[in-house]
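Right, one structure below, let's go through it.
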Amino acid sequence: MTRKTYTVGQIAEALGAEAFGDAALPVTSVAEPQSAGPTDLAMATDKTYAEKLAQGQAQAAVLWQGADWEALGLKAAIVPGRPRYAMSGLTRLLDPGQGFPSGIHPSAIIDPAAEIGQNVSIGALSVVAAGAQIGDDCVIGPQCYIGWNVTLGPRALLREQVSIGARVTIGADFFAQPGVRLGGDGFSFVTEDKSGIEAVRETLGDTQDTQAQGWTRIHSLGAVTIGDNVDLGACVNIDNGTIRDTQVGDGCKMDNFVHIGHNVVIGKDCLICGHSGVAGSTRVGNNVVLGGMTGVSDNIFIGDRVITGGGTKVLSSIPAGRVVLGYPATKMDKQIEIFKAIRRLPRIIADVAALQKAVFKSDRSD
Amino acid sequence: MTRKTYTVGQIAEALGAEAFGDAALPVTSVAEPQSAGPTDLAMATDKTYAEKLAQGQAQAAVLWQGADWEALGLKAAIVPGRPRYAMSGLTRLLDPGQGFPSGIHPSAIIDPAAEIGQNVSIGALSVVAAGAQIGDDCVIGPQCYIGWNVTLGPRALLREQVSIGARVTIGADFFAQPGVRLGGDGFSFVTEDKSGIEAVRETLGDTQDTQAQGWTRIHSLGAVTIGDNVDLGACVNIDNGTIRDTQVGDGCKMDNFVHIGHNVVIGKDCLICGHSGVAGSTRVGNNVVLGGMTGVSDNIFIGDRVITGGGTKVLSSIPAGRVVLGYPATKMDKQIEIFKAIRRLPRIIADVAALQKAVFKSDRSD
Amino acid sequence: MTRKTYTVGQIAEALGAEAFGDAALPVTSVAEPQSAGPTDLAMATDKTYAEKLAQGQAQAAVLWQGADWEALGLKAAIVPGRPRYAMSGLTRLLDPGQGFPSGIHPSAIIDPAAEIGQNVSIGALSVVAAGAQIGDDCVIGPQCYIGWNVTLGPRALLREQVSIGARVTIGADFFAQPGVRLGGDGFSFVTEDKSGIEAVRETLGDTQDTQAQGWTRIHSLGAVTIGDNVDLGACVNIDNGTIRDTQVGDGCKMDNFVHIGHNVVIGKDCLICGHSGVAGSTRVGNNVVLGGMTGVSDNIFIGDRVITGGGTKVLSSIPAGRVVLGYPATKMDKQIEIFKAIRRLPRIIADVAALQKAVFKSDRSD
């Protein structure tokens, strides 16, 4: 369980980047320039960072195109085309991981009617229910629950205390952070007669004379279907669909506390930031980015490549390609203009009062 | 663990709906018209849905009042009075469930001083602490925790990895989705001298000359009391009260990630949507609906039958029957008028400047 | 597992408060005046509360300075200097706790390469991984996970189902509510070429002609470092840093569902309320208070002693000492003025139209 060691040359080759200087120099991790130890590769991807190299002990660094590595006092350097992208390869190589033991822990409880693939690890005190199918090379952390008839594709990595409800289907290369919850029942309730909410949706007014009523659950007969190469942050929740599966497309990435409601369909390669939620039956296109704390109403459509800024509340459908911000969601450039205008509003009100006084010889606003 | 089969006639009878055609036709599940198989009951509750019946293989469907089932090529049909409500009965009948095994799993750890009712199932690796009382016919999923002196009423269904802290009391017919957390300590901290927050609450201004201070916990001596027929979504959190229990009334339904703070009292039949939170010591009436991501401040009152739209932030008390939206919460019709007005604000500012120029021969706003 | 009993005199002495009347009177818990039993200490810290003493059976109460305890019919009274602060000492004394059994439960799975301090309790079905170091006098609840090479300081209290990922370091006197998740991988993804988000950040406009691309993970090589005396609410998530640890300073208190992103640095004695989130690489000063549902953007700075009101969305850095509210965050007094002005906006628009008609003989706004 010690960290792997690579040479500068091996790392540069893995990244498709140029290496300079002593390609045999060993590297065990990556660090900020000022706190780098002698076997750390310092990330000094612009001049500001490079100035701090002297405060640390780095002998090798990742530098920007055109940097003079010798003048910086280094023994070796790596210069990638796009340093931000190089970070993905670099951190994948050097990730020390969670140290989960290999193999199936004797305390794991695996139903005889589950099918476990080749080279699968299952952590201490995990439970795998009947009918579950676990693909090859999966790593299931400790204290996880894999429900009845779940299908988990190859090479999944589940961190500790992840739960997957019955009949959920997941593609290849799935990565779930701690506490992910898949396959809760959808939040779908109905009243025997028309409810206050239905009345309000029709009128945007008050609750009329609707009677106070109790709520009856609509059970979820569907489950959740997740594509390949999906990463879910800690505590992400994805609920079951009502009569078909809730769907998440290939390549989607979700941050902590994201909530995906029942019947939602999400396209490919979407990025959904922390505390965001998509309410029931909404359809989200491909390559959509939802900023942190974005809320999306139920039963609407979000087009391909839409981007929402932090805190956006989307109350109606958004066409493809639009960038929005605010509550309610508004085109970002327009919203920023509105934010500025709102700051001036108390002054404008005074101006209008002054104009009224001048024009009408009275102030009618108050 | 195969799905149950019903006939069209049995389903119609259970729903109190009219059946047409071959009442003996078997049904195993429900589906959308276009993806229905030969034993699926298609949900074709309006003409738009019905047009897609031809794309699927359904032989029976749920139709709207007055629909011509024979013209749609069906062998049988069910016509309920209110199709949306019929969905609750239909999905309850056909719910395949989670496949939790019956009985008490040998790996469950049950304190000898716990009282377990008749016909209770407890899943693998669940823990039941001393003094806990589990009512008859409860199903406790795998890896749950039932704390010291908890009382759980009859017919509860707890999904996987639910935790219930000491001294929590729950009524009959409770349903908890995965990862529900009951009985955390309330978020209540105090400083030795007056804090910056207390100063701001008094003045709405700055933090005055309050000293930086550390925070000391006020422990929760109370717990949580939950009524009958309450459903909690995945990861719902309800915190303990300080010197009495936090309370949730009969028939309340909460969606994923709902947070109920310490000392809160919630009435009956409330519906609280995803990511909503009610801060400490607030009282919520009966039949209240909080839309997704609604935040409710501490120490206020929300009257009966109040409805909040998605994203609403409630900063002060709301009288009974009101429908609100926005940040801060405003009557919904007024808020929609305001949203429209705000979009015109940059133009209005230009108009005011033009007026000032005309009236005063100068533009004083800039 | 019965509640401890104290005398009125012992409690007064522990609180440094004055005792009146029968100091030997026994007290087992604290209650509201109207529901107090004969051994409950009633909290009657102002006249309104004191009026309800007659409805209960309290023989002793906590009163305000100058109250006439005998006239209230009590046998004993405690009068602290600052009653709100006294609640912390009082509830700490009388907290019945969770009833977790002492010692290491035989079902706990502890790697032989873990180091367990003196007088440690570890609950049923908890897992402690190799290299973990558990300080003296820690209490780890049931079904917890302590990862590889975690360091947990002395006197920690972990409630049920808490998980701590590899290499996380925690100081003394840590308190984690149920379902806390430490050490998830940071939410950091990169595209091979410039992404739509990067384009929008440059232009605040649309996504230009950026190509739809997939997302590649930047792994977290860092972990999380937490100071002394930190309390985390149920389901709090703190993610690992990229090349150094995410940091939380001494004395911080976080409420349920708080999310702290990768690389964030939080100072000392901050109070972060429910559903708040701080996005990646942001730095937060000391003694900061974030109200409920506050969102803080990535890569910004929040100065010391900043306070945000409920629902605030912080899109840019805030200087020390400022009190803010709203979306976007605005100085609180200014924001309250703006909230009032916005409510008048529809009327103002009508006024401007009337002015235009009068001045220009036309209404140009529509």
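The values are calculated or read from the model by the stated rules, or taken from the named source; none is laboratory data. What you see is a predicted model, and the numbers here were worked out from it, not measured in a lab. Methodologically, a virtual Cβ is constructed for each residue, glycine included, from the backbone with ideal geometry; neighbour enumeration extends over all protein chains shown. Note: accessible area is taken over every heavy atom of the protein model, side chains too, but ligands, DNA and RNA are not part of it. Shrake-Rupley method; radii C 1.70, N 1.55, O 1.52, S 1.80 Å.
Computed values, structure above
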{"read-out": "In region B:236-265, the residues that are within 14 Å of chain A (Cβ to nearest Cβ), touching a Lys or Arg at 6+ places or on another chain (Cβ under 9 Å) and of a type in the set (Val, Ile, Thr)", "value": "B:236"}
{"read-out": "Residue count, region B:105-128 (criterion: of a type in the set (A, V, I, L, M), assigned to a loop (DSSP other than H, G, I, E, B), touching a Pro at 6+ places or on another chain (Cβ under 8 Å) and on the phi < 0 side of the Ramachandran plot)", "value": "1"}
{"read-out": "Subset of region C:108-124 (residues that are under 12 Å from residue C:145 (Cα atoms) and touching a Phe, Trp or Tyr at 6+ places or on another chain (Cβ under 9 Å))", "value": "C:111, C:123, C:124"}
{"read-out": "Qualifying residue in region A:189-203 (condition: part of a strand (DSSP E or B) and among the basic types (Lys, Arg))", "value": "no"}
{"read-out": "Matching option when the condition is in contact with a Leu (Cβ under 9 Å, 6 or more places away or on another chain), over 19 Å from residue A:161 (Cβ atoms), surrounded by fewer than 24 Cβ atoms within 10 Å (Cβ to Cβ) and of a type in the set (D, E, K, R), among C:137, C:173", "value": "C:173"}
{"read-out": "Selection count, region B:340-353, where residues are surrounded by fewer than 18 Cβ atoms within 10 Å (Cβ to Cβ) and not small (Gly, Ala, Ser)", "value": "4"}
{"read-out": "Lone qualifier among B:115, B:202 - being at pLDDT below 95, more than 26 Å from the chain's Cα centre (by Cα) and more than 10 Å from every other protein chain (Cβ to nearest Cβ)", "value": "B:202"}
{"read-out": "Strands (runs of 3 or more DSSP E) wholly inside region A:38-104 containing at least 2 residues that are within 10 Å of chain C (Cβ to nearest Cβ)", "value": "A:40-44"}
{"read-out": "Qualifying residues in region A:220-235 (those that are assigned to a loop (DSSP other than H, G, I, E, B) and more than 10 Å from every other protein chain (Cβ to nearest Cβ)) - the one nearest to residue B:94 (Cα to Cα)", "value": "A:227"}
{"read-out": "Scan of region B:271-295 for residues that are in contact with a strand residue (DSSP E or B) (Cβ under 7 Å, 6 or more places away or on another chain) and facing another protein chain (nearest Cβ under 9 Å), ordered by number", "value": "B:271, B:273, B:274, B:275, B:276, B:277, B:279, B:289, B:291, B:292, B:293, B:295"}
{"read-out": "Residue check for residue B:58: open to solvent by less than 60 Å² (accessible area, probe 1.4 Å) and under 21 Å from residue A:242 (Cα atoms)", "value": "yes"}
{"read-out": "Matching residues, region A:41-51, being within 29 Å of the chain's Cα centre (by Cα) and open to solvent by less than 70 Å² (accessible area, probe 1.4 Å)", "value": "A:41, A:42, A:43, A:44, A:45, A:46"}
{"read-out": "Extreme residue, farthest from the chain's Cα centre (by Cα), among residues of region C:314-366 that are among the polar types (S, T, N, Q) and part of a loop (DSSP other than H, G, I, E, B)", "value": "C:362"}
{"read-out": "First in region A:58-77 and within 15 Å of residue A:9 (Cα to Cα), second anywhere and open to solvent by 80 Å² or more (accessible area, probe 1.4 Å) and of a type in the set (D, E, K, R), Cβ under 8 Å, 6 or more apart", "value": "A:59/A:75; A:60/A:75"}
{"read-out": "Residue among A:245, A:333 that alone is over 25 Å from residue A:171 (Cβ atoms), open to solvent by 30 Å² or more (accessible area, probe 1.4 Å) and of a type in the set (Asp, Glu)", "value": "A:333"}
{"read-out": "Sole exception among (1) on the phi > 0 side of the Ramachandran plot; (2) open to solvent by 10 Å² or more (accessible area, probe 1.4 Å) for residue C:317, by number", "value": "(1)"}
{"read-out": "Condition met for residue A:257 (modelled with pLDDT of 95 or more, aromatic (Phe, Trp, Tyr) and surrounded by fewer than 24 Cβ atoms within 10 Å (Cβ to Cβ))", "value": "no"}
{"read-out": "Residue within region B:147-166 that is closer than 23 Å to residue C:87 by Cβ and either within 13 Å of chain C (Cβ to nearest Cβ) or open to solvent by less than 10 Å² (accessible area, probe 1.4 Å) (or both) present", "value": "yes"}
{"read-out": "Region B:1-40, residues that are within 28 Å of residue B:102 (Cα to Cα), among the small types (Gly, Ala, Ser) and crowded, with 16+ Cβ neighbours inside 10 Å", "value": "B:29"}
{"read-out": "Residues of region A:1-17 that turn out to be within 32 Å of the chain's Cα centre (by Cα) and outside any loop (DSSP other than H, G, I, E, B), as a count", "value": "8"}
{"read-out": "Pick from region A:95-112, criterion touching a residue at least 60 places away in the same chain (Cβ under 8 Å) and surrounded by fewer than 22 Cβ atoms within 10 Å (Cβ to Cβ), ranking: farthest from the chain's Cα centre (by Cα)", "value": "A:99"}
{"read-out": "Candidates B:310, B:274, filtered to the one that is assigned to a loop (DSSP other than H, G, I, E, B) and open to solvent by 10 Å² or more (accessible area, probe 1.4 Å)", "value": "B:310"}
{"read-out": "For residue B:30: the one exception among (1) over 22 Å from residue A:246 (Cα atoms); (2) touching a residue at least 60 places away in the same chain (Cβ under 8 Å)", "value": "(1)"}
{"read-out": "Residues of region B:30-73 that turn out to be touching a Gly at 6+ places or on another chain (Cβ under 8 Å) and of a type outside the set (A, V, I, L, M, F, W, C), as a count", "value": "10"}
{"read-out": "Filter result for residue C:137 (at pLDDT 95 or above, out of contact with any strand residue (DSSP E or B) (no Cβ under 6 Å at 6 or more places or on another chain) and either on the phi > 0 side of the Ramachandran plot or within 13 Å of chain A (Cβ to nearest Cβ) (or both))", "value": "yes"}
{"read-out": "Checklist (1) within 7 Å of another protein chain (Cβ to nearest Cβ); (2) in contact (Cβ under 8 Å) with a residue 12 or more places away in the chain; (3) small (Gly, Ala, Ser) applied to residue B:358, failing item", "value": "(2)"}
{"read-out": "Any hit, region B:286-299, residues being without any contact (Cβ under 8 Å) to a residue 12 or more places away in the chain and open to solvent by 40 Å² or more (accessible area, probe 1.4 Å)", "value": "no"}
